[in-house]
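Comments concern the structure below.
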Amino acid sequence: MRIIVIGAGISGCSCAHKLSHAGHRVTVVEKGRGVGGRMATRRMDGARIDHGAQFYTARDIRLQALNNQWCKEERVVEWYDQVPGRTDIPTDMRYRGKTGMTGPAKSLTQGCSLALNFFVEKIERTTRWKVLEREGEGRALEADHLVITMPSVQMLELFDRSSVNLGNEPMNRLDAIRYTQCLAILGILDRPSRLIHPGAVTHPAKNIDWLSDNQVKGISQRPAITLHTSAKLSQTNWNVPAEEWAPELLASVEDQLGARILSWVPHRWGFAKPLVTFGASHLHVPELGLTLAGDGFGGERVERASISGLEAAEAIFGKSF
Ligand SMILES: Cc1cc2nc3c(=O)[nH]c(=O)nc-3n(C[C@H](O)[C@H](O)[C@H](O)COP(=O)(O)OP(=O)(O)OC[C@H]3O[C@@H](n4cnc5c(N)ncnc54)[C@H](O)[C@@H]3O)c2cc1C
């Protein structure tokens, strides 16, 4: 069967991997320049910075199987299991990409075709699915089955543009999915920070959920921070220029870092973590040849998003793992 997976985040890539291993011809369509979605790494002034998901866990046996492969390919490494002085935080091993968080998605898509820089404007169903690009090259792809893995808000916008209606009950459940927002700051330091392994601190100051130095983390030659603000601050300041809220936050962590922040850029994550989910790991509509997955279905975090993609694949080819 020819299958198109829209979205190259961890859910789409996990689904595509499982389907291509089952013998299907899979194309992953992604609006961005590369794979990974919210597992994102950015280069900035000679630094490498993980600016979305920082790590993942592999508690589920299916994730462990994938993770073993990523470790073998040297795409990921163990990062840390215990946070010094924080007995309240679970001790599961956290894994990170060896050179950034996109490693797992790169591994998973090895057996698939990739259509990158392809913003899906519209989907059309006749006897097969047609997937149409917004602008650019005006590409059009066809498939027997379609998997969609973008955040639910973007999914509903796509359905609206394409006049797709799945019926009241599933549409209402899709509409009810809610995500937090996250305002992030990526910054270059003037010297190595004072942070010790793992190079990350949770809640280091008011309104900050996460602070890490990507050099201590092991992915950047140059000391460079990732700062994630709290959901509350992000929501309040979503439309406020970063120059108005970021300097105070950055000043509040410089002592802890033992370094000055030379330059910084903001990043807005519109869909950080799902607060309300669909209530099932995926939605499979065999009569339409359509399956929906992602963390809005599977639940918060990389591991659950990946399982959502794997279970979506299982629903399509109808076999147990
Ligand atoms: C700031 C932040 C920190 C986080 N920290 C952690 C963490 O430390 N550990 C953890 O486990 N989880 C963390 N998470 C959550 C984790 O990143 C997500 O749960 C997971 O990556 C979601 O994967 P996904 O495949 O469901 O969605 P995504 O990664 O969002 O993938 C969806 C893809 O669809 C693409 N797309 C959207 N619209 C279109 C279109 N029209 N055409 C083509 N492509 C389209 C997008 O570009 C994207 O690549 C964090 C998230 C954020 C934002």
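The values are calculated or read from the model by the stated rules, or taken from the named source; none is laboratory data. On a predicted model such as this, the values are computed, not experimentally measured, just so you know. As a convention, Cβ positions derive from the backbone with ideal geometry for all residues, glycine included, and neighbour counts pool all protein chains shown.
Can you find a residue in segment 46-55 that is within 14 Å of the ligand (Cβ to nearest atom), modelled with pLDDT of 95 or more, in contact with a helix residue (DSSP H, G or I) (Cβ under 7 Å, 6 or more places away or on another chain) and among the aromatic types (Phe, Trp, Tyr)?
no
Inspect segment 239-255 for any residue being in contact (Cβ under 8 Å) with a residue 24 or more places away in the chain, under 24 Å from the mean Cα position of the chain (by Cα), surrounded by fewer than 23 Cβ atoms within 10 Å (Cβ to Cβ) and not assigned by TED's automatic domain parsing to the domain that holds Val77 and give the result as yes or no.
Within segment 239-255, one or more residues are in contact (Cβ under 8 Å) with a residue 24 or more places away in the chain, under 24 Å from the mean Cα position of the chain (by Cα), surrounded by fewer than 23 Cβ atoms within 10 Å (Cβ to Cβ) and not assigned by TED's automatic domain parsing to the domain that holds Val77.
Could you say which residue among Thr102, Thr109, Thr57 is more than 27 Å from Leu211 (Cβ to Cβ), within 16 Å of the chain's Cα centre (by Cα) and not hydrophobic (A, V, I, L, M, F, W, C)?
Thr109
Any idea which residue in segment 58-99 is farthest from Val216 (Cα to Cα), counting only those that are hydroxyl-bearing (Ser, Thr, Tyr) and exposed (fewer than 14 other Cβ atoms within 10 Å of the Cβ)?
Thr87
All but one of (1) at positive phi; (2) surrounded by 22 or more Cβ atoms within 10 Å (Cβ to Cβ) hold for Val120; state the number of the condition that does not hold.
(1)
Considering only residues that are assigned to a strand (DSSP E or B) and in contact with a helix residue (DSSP H, G or I) (Cβ under 6 Å, 6 or more places away or on another chain), which ones fall in segment 174-207?
Cys182, Leu183, Ile185
Restricting segment 128-150 to residues that are assigned to a loop (DSSP other than H, G, I, E, B) and crowded, with 21+ Cβ neighbours inside 10 Å, which is nearest to the ligand (Cβ to nearest atom)?
Met150
Of all the residues that make up segment 219-235, how many are free of Cβ contacts under 8 Å to residues at least 60 places away in the same chain, surrounded by fewer than 22 Cβ atoms within 10 Å (Cβ to Cβ) and outside any helix (DSSP H, G or I)?
Matching residues across segment 219-235 total 1.
Collect the residues in segment 118-127 that are part of a strand (DSSP E or B) and either within 18 Å of Val26 (Cα to Cα) or more than 14 Å from the ligand (Cβ to nearest atom) (or both), keeping them in residue-number order.
Passing the criteria: Val120, Ile123, Glu124, Arg125.
Tell me whether segment 309-321 contains one or more residues that are away from the ligand (no atom under 14 Å from the Cβ), in a strand (DSSP E or B), among the hydroxyl-bearing types (Ser, Thr, Tyr) and over 23 Å from Gln154 (Cβ atoms).
Among the residues of segment 309-321, not one is away from the ligand (no atom under 14 Å from the Cβ), in a strand (DSSP E or B), among the hydroxyl-bearing types (Ser, Thr, Tyr) and over 23 Å from Gln154 (Cβ atoms), which makes the answer no.
Name the residue that is surrounded by the most Cβ atoms within 10 Å (Cβ to Cβ), counting only residues in segment 100-111 that are modelled with pLDDT of 95 or more and part of a loop (DSSP other than H, G, I, E, B).
Met101
Among what's in segment 10-36 and is near the ligand (Cβ under 6 Å from one of its atoms) and within 14 Å of Phe119 (Cα to Cα), pick the residue that is surrounded by the fewest Cβ atoms within 10 Å (Cβ to Cβ).
Gly32
If I filter segment 139-152 for residues that are free of Cβ contacts under 8 Å to residues at least 24 places away in the same chain and of a type outside the set (Gly, Ala, Ser), do I get at least one hit?
no
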